[in-house]
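Scroll down for the structure; my scribbles are underneath it.
The numbers here are math on the coordinates, done by the rules we state, and not lab data. Given the structure is predicted, the values throughout are model-derived calculations rather than measurements. Cβ placement follows ideal geometry from the backbone for every residue including glycine, while neighbour counts extend to all protein chains displayed.
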Amino acid sequence: MNNIRVRIAPSPTGIPHIGNTRTALFNFLFARHNGGKFILRIEDTDRQRVVEGAKEAIREILNWLGLIPDETYIQSERLNLYKKASQVLLKHNFAREDEGAIRFIVPKDIQSLDWTDAVGNKKISFKTEEIEDFVILKSDGFPTYHLASVVDDHEMSITHVIRGDEWISSTPKHLLLYKAFGWEHPVFAHLPVVLGPDKTKLSKRNGAKSVLDFRKEGYLKEALINFMALLGWNPGGDKEIMDIPEIISIFDLS
Ligand code: GLU
């Protein structure tokens, strides 16, 4: 595959736990396996939720593990781009002003929104009528996740969006935005989310730890990478111990 470009797009709302870091690792492995680029994009447009020190923790985790981004972007430094994009949608009647915010109007003539997910090659389909008109630019001038994510994935020529499957329900909205702009959408790959021992989403409540906690306990980064790589992926066979170059050479999304 040529010119593969993937990104991780963490919101600096806390210290990433091992599940979030697994997403970063899978993106990194996919990029390196294909000779592509691995991009870090800090999604800090939800100002109320930004936590001090989170951005630094994200960088520290990536640095320590050796998942070094080829390019880094910060969304709060790109507000003009999102404003312009929302103006384009307004101009073409894909959006309307609503109490200082801008809302995307879901078109009535599209029946369903479907894509083939690269994880397991499965077809996913949503009925358009189930999607409500959604805000793309807030009254504080900051974009919502949906707009910023689509504009940036397009601007940054992202070829594969590899993210946790808790984002599946956002993808139909993103497909609507791609259609409205007349842009081709990237391949989507939604990773099965990492669960805690109680089978609910990994969180502080059920003991989620960050890579930095494991580092404090003396774990080696090679061990953590090996462990995280096998959370949701397996090359077949029963080999469990692999070094990073070996994992890169055999890693495969399908
Ligand atoms: N900012 C989102 C997050 O915190 C990004 C999701 C995505 O990868 O599109 O995970």
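Once phi is turned into θ = phi - 60°, what whole-Hz ³J(HN,Hα) does the Karplus curve with 6.51, -1.76 and 1.60 give for every residue of region 182-196, x standing for Gly and Pro?
x, 9, 6, 8, x, 6, 9, 9, 9, 7, x, 6, 7, 9, x
What's log10 of I(q)/I(0) for region 85-209 at q = 0.22 Å⁻¹, Debye sum over Cα points only, no solvent?
Each listed q corresponds, in turn, to -1.27.
Could you state the angle between the C-alpha long axis of helix 18-33 and the longest principal axis of the C-alpha atoms of the chain, as a value from 0 to 90 degrees rounded to the nearest 10?
That helix lies at roughly 90 degrees to the long axis.
Taking the chain as a Gaussian network, where each spring joins two C-alpha atoms under 10 Å apart, which residue of ASP238, ASP98, ASP140 fluctuates the most?
So, out of ASP238, ASP98, ASP140, the one fluctuating most is ASP238.
Cβ under 15 Å from ASN121's Cβ, ASN121 left aside: what net charge do those residues give with Lys, Arg +1 and Asp, Glu -1?
Summing Lys and Arg as +1 and Asp and Glu as -1 gives -2.
Explain nothing, just compute: Karplus ³J(HN,Hα) = 6.51 cos²θ - 1.76 cosθ + 1.60, θ = phi - 60°, for every residue of region 84-91 in order, whole Hz, x for Gly and Pro.
4, 4, 6, 5, 4, 5, 4, 4
What is the angle, in °, between the Cα long axis of helix 145-155 and the longest principal axis of the Cα atoms in the chain? Nearest 10 is fine, range 0 to 90.
80
Given ALA31, LEU67, THR45, which one lies farthest toward the positive end of the charge dipole of region 1-71, if we put +1 on the Cβ of every Lys and Arg and -1 on the Cβ of every Asp and Glu?
It is ALA31, whose Cα lies furthest towards the positive end.
Taking only Cα atoms of region 13-100, what ratio of Rg to Rh do you get with Rh as the Kirkwood inverse-distance radius?
Taking Rh as the inverse mean 1/r over Cα pairs, Rg/Rh reads 1.08.
Once phi is turned into θ = phi - 60°, what whole-Hz ³J(HN,Hα) does the Karplus curve with 6.51, -1.76 and 1.60 give for every residue of region 198-206, x standing for Gly and Pro?
Karplus values, whole Hz, x for Gly and Pro: 8, 6, 9, 3, 4, 7, 3, 4, 9.
For GLU246 and GLU77 in one chain, what is 0.36 nm times their gap in residues minus the Cα-Cα distance, to one decimal in nm?
Extending this stretch completely gives an extra 57.1 nm.
Please report the equivalent ellipsoid semi-axes of region 59-148, computed as sqrt(5 x eigenvalue) of the Cα gyration tensor, largest first, in whole Å.
In descending order the semi-axes read 29, 24, 10 Å.
With the calculation restricted to Cα positions, what are the radius of gyration and Dmax of region 44-92 in angstrom?
So, for region 44-92, Rg and Dmax equal 15.1, 46 Å respectively.
Pop the C-beta distance of GLU130 and ASP165 into the FRET formula with R0 = 25 Å and round what comes out to the nearest 0.05.
Efficiency at R0 = 25 Å is approximately 0.90.
About the Cα centre of the chain, how large is the charge dipole given +1 on each Lys and Arg Cβ and -1 on each Asp and Glu Cβ? Please answer in debye to the nearest 20.
So the magnitude is around 140 debye.
Volume per residue, Å³, of the convex hull around the alpha-carbon atoms of the chain?
It is 141 Å³ per residue.
Specify the longest stretch of the chain that does not include any exposed loop site, a site being one of the trypsin sites (Lys or Arg not before Pro) with a non-H, G, I, E, B DSSP assignment and at most 12 other Cβ atoms within 10 Å.
Longest stretch, sites excluded: 1-107.
Taking the 0 to 90 degree range and rounding to the nearest ten, how far is the long axis of helix 171-181 tilted relative to the main principal axis of the chain, both from C-alpha atoms?
Tilt of helix 171-181: around 50 degrees.
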